[in-house]
Structures are given as C-alpha cells and as structure tokens.
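All remarks here apply to the structure that follows.
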Amino acid sequence: MAAEFCGRYRVNPRVAHRLARGWSQREAADTWNAQWPDEPKTFKNFSTWELWPGPTGHAPSFPTLNRLAQLYECAVSELLTDMPNYGPKTGTSRSSALAAMSGNATPLTLVPAIADTLTRFAADINYVELAEEVVMWVQGVPGEMNRRELLQKISAALTVAAAAPLLDMADADGRDRAAHALNDPRRIDAVTISQAERGLKSFRMQGDVLGPQVALQTALAQRKVIGEFAVNAPSHLRPQVLSLYAELSQLVGWELFDIGDYRAAAYYYDDARTAAHDAENVELVTYILSTMSQLATWQGKPRVGIDHAIAAQAWATQSDSHMARAYSADVAARAFAAAGDITKARAALDAERTAAEEVFGSSEPLASWWYFYDESYYWATRSEVSLKLNDPSDALHASATALPMLDLTNVRDYTHTLTYQAKAHVLQGDVHEASQIIGDAARITAVNRSPRLEQTIRDVRTSLSPWQRTRSVRRLDEALRDYGVGQLKA
C-alpha cells in the first residue's frame, strides 16, 4: 500500500507508510507517545520529518527512523526510498542523484505532504495552526523554484480544507443527531444548532486564511442546509436558526465581495439583513448593515456607504453591544473619509475608539461574528482613513501600531494593513521601503488568492510608476511575477 501511495500520489515513503495505516500526523504522534511516553512527539515532529529533505523539513535521526519503522512495521530502508542510490548497479550519476535531492524535486514531496497536513487541520477545524504551518511553509520555498507552478499546486491542495462540515460532531450521539436533522429538517434541535454556530467561526477564518474561492462553496452549501432548517424549525428555535442563516448569507456575501462580484454580494447581504430582522437580532442587523456600508464604500459609492453606516449606528444604539457601536463607527469613518468629510471621519474614529475601549476593558461576551475585531483592527482602519485624508504620517503611525498586534495567520487583514503602510511610504516618496513592503505582501498572499487583495497590491504598484526604472521597483516586479500576484498588465 505504501509503495502504491508513493507511485500514484507521489508522496515520500515517510508519508506513505503513515497513510497506509490511515493515520493523521496527530494519530501517528499519539501512537508514538503510547509506545514511548518518555520521548513524546507532536504532529509537528511528524510534519518536519515528512517535509524533509525540503528546506522546511528536519532530517530524522537514525534512532527516530528506527522507531518510525517499528511504528509502521517496516524496514528502516523502506522509509528512505526517496533518497538517491549511489550504488554501481543503478547507473545513476552523482550529479543526477544530487539533482534529485535539490529544490527542483521538492514540490513532489512537499505538496502532497502539505495537502495531508491540511486534511488534518480540516478535521480538527483549527485554522490558526493551519495558517501558521502554511505561511511558514510558503516563506521557506527556495527562490529558484518555479513559484507560479508550485502555488497552483498549493491552491489545489488547500481546497481539501473546505471539506470540514458545519455539523461535524466529535461524539457518536452528536453525529447521529446531526444525521437525523439532515435527513429530516423537522428534527432539528438546540444542540445541533449550537454545534453549527460554533463551526461557523471556522468557516469565517477559512476565508481569511485560504481566500474566498475556497470558502465560498462551503458557505453556500451550509447556507442551503441551514435554510432548510429555518423553514422547518419549531417556533422556539426559529430566531436562533434564522440568525444562523443570516450569518451564513452574510458570509457568502463577504466572500463574493472579496472575489469582486459586488452585485451578487449585495444580493446575499440583503438576504442576510432580512433574515436578521426576522430573527429580531439587532446586533446582527448592525453587523450586516456595516458590511453593506463597507461594500458600497469600496465600490466608490461613499454616500451610499454613509447611508448604510448611519443605519447601522442607529440600530447599534438599540443594542447593548459596545462592539456593535465600535464597528458601525468604524465603517462610518471609512465612508466619511472616502467622501472627503474630514471632520466626520475623525469624529467617527473617536467614537469607535471610545466604544472599543469599553469592549476591551470589560468581560462582555462577544458574538461569534466579531472574532476579527481587536485593537489592531482600529489602528488598521485609522491608517486607511488617514490615507484617504492625505495624512501619510498618521497612516504610518497607525499601521506601525497595528502590524505588531495583528496575527500573521489572518492573511487578509494583515496584508491589507501592509498595503496601507506601503501607500503611506509612497506618499512620502520612500520608494525603496514601499517596494519592500509590497513584496512581503505578495509573498504572504501566496496562500490566499483573494482578487481584492491582488487588486490592492496592483493599485500600490501602479502608484510606483514614476519610479519604474529604479532598482527597487524592478526587483519588486520580479517578485510579483514570481508569485503571480499584482503585476501590471502589459
């Protein structure tokens, strides 16, 4: 079986022997720990052994190989069949053997290995660990490798993570309950809905990490399931199910917005707002109206964005949520800045700061859709607003404050904040620094092919056109071509 995995799926033998037993890396580590509790290992140990001889892998020692062979019940040599054979009978020259170990051969082992890693993450629904592993891996890719081809393979591998079902239950009773509800939506109960609510945060993070193309199909499928539940839910569960349906419709709209299909995004946002009103969920209505404001402002319709933002602020005053007040003020600041209203934009930022401090200074329980909002989000918005108000000094200060607080694994927000910083440097004439930052942003987005992110990077690159012939911009263009991100059209 291991040999078949090696040949058919082009994985290395250390991966193949584990897969032949049907183990995830975590399960292999658990089995190791049961046999050798004095030398515990984690899935990350197995990951680095399996990534070797790639640049982010770690060579297993001989004692480690010996124990792996015991674990998989094979010969030690069977775990090293991907290594070159320098014996006289093979006819393999030293140069060709070394070439087989070089970076050019790495994708054949790395891409399947990371696909398996993503499968494990999908099962555990731990997207923070997923992002850490993927971003670390991409940053370790050798410069001489054909990145464009490799990233296409990575994108295909990343779709594995979209398989994590919203109603995935850890216990048998929960799985049975979910199965009954799927077969007959009239059998929906509070436990199943609560599980679905917990899973929704992972779907949101999926888009942040992997990009909208991966997350959209999952969100659409789950929206359809929850829509059936909403139609058949008993009266005492109907508001809760409607709120969940509204969240999923908003999430679909958000991913479409990130893809650039604004008309479809507006449709799903409107559907989400209606469902949230039917559920009488004021805080959720505020959130959805705020995202509608962001969509309009991004489209270059700031007055429509202001309209939605004011409506969001009005509903926020009817809720007990300081977070609703903070976020509705956040989108208002962006809309007023885009309309050129400096006074109201700054006033909205002040209102956001005041409301956010109330949130951060209290133990107020937060709704799941606010997972993205922390202090770094305020500073990132302030940087964006300051750019629109032609204040690059404050934009630099705000972005420099935000970036150390931001989690690199939130690829979308981190990269947008990098572009704000780069734009501020362009406005101040610091071409070299701006080029460096945009190159960093392009590398990070290798795992998140968001068209909106790519457009943002392309816009910043366009602003560097007056310095087209400088060494910094030429190097940036080479990096953008390598990553297939943001290059200018001929």
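The values are calculated or read from the model by the stated rules, or taken from the named source; none is laboratory data. Nothing here was measured: the structure is a model prediction, and the numbers come from that model. We place every Cβ from the backbone using ideal geometry, glycine too, and count neighbours over all the protein chains shown. When the accessible area is computed, the model is the full protein with side chains, heavy atoms only, and any ligands, DNA or RNA have been set aside. Shrake-Rupley method; radii C 1.70, N 1.55, O 1.52, S 1.80 Å.
Couple of notes before you dig in:
- Projected label distance in nm at residue 280 and residue 318, using a 7 Å step from Cα toward the beta-carbon: 1.1
- Average projection area in nm² (convex hull over Cα atoms of the stretch 253-381, one quarter of hull surface): 7.3
- Shape call, the stretch 253-299: gyration tensor on alpha carbons, a/c limit 1.5: prolate
- Cα-projected label distance for residue 194 with residue 428, points at 7 Å along beta-carbon direction, nm: 5.1
- Applying a threshold of 25 Å to the alpha-carbon distances of 344/388; 301/344; 201/388 flags 201/388 as lying beyond it.
- Peptides 277-289, 351-363 ordered by packing proxy, namely the average of other Cβ atoms within 10 Å per residue, highest first: 277-289, 351-363.
- Cα gyration tensor category, rounded, prolate or oblate, for the stretch 305-358 with a/c compared to 1.5: oblate
- The stretch 363-476 - percent relative contact order, Cα under 8 Å, separation 6 or more: 21
- At R0 = 56 Å, FRET efficiency that the Cβ-Cβ distance of residue 452 and residue 39 yields, to 0.05: 0.75
- Computed label-point distance, nm, for sites residue 59 and residue 81 using a 7 Å Cα→Cβ extension: 2.2
- Environment charge at residue 207 (Cβ cut-off 12 Å; Lys +1, Arg +1, Asp -1, Glu -1): +1
- A protection proxy built from the mean count of other Cβ atoms within 10 Å ranks the segments 459-470, 425-436, most packed first, as 425-436, 459-470.
- Annotation: the stretch 332-490 has a Kirkwood hydrodynamic radius of 16.4 angstrom, from the mean reciprocal C-alpha pair distance.
- Normalised by 2.2 N^0.38 Å, with N the number of residues, the alpha-carbon radius of gyration of the stretch 423-488 equals 0.99.
- Heavy-atom accessible area for residue 268, with the other protein chains in place and a 1.4 Å probe, reaches approximately 40 Å².
- What the pair-distance distribution of the stretch 364-440 shows, using all Cα-Cα distances binned every 10 Å from zero, is 21, 49, 23, 6, 1 percent.
- Here the 3J(HN,Hα) profile of the stretch 421-434, calculated from phi with Karplus coefficients 6.51, -1.76 and 1.60 at θ = phi - 60°, is 4, 5, 4, 5, 5, 4, 4, 8, x, 8, 5, 4, 5, 4 Hz, Gly and Pro shown as x.
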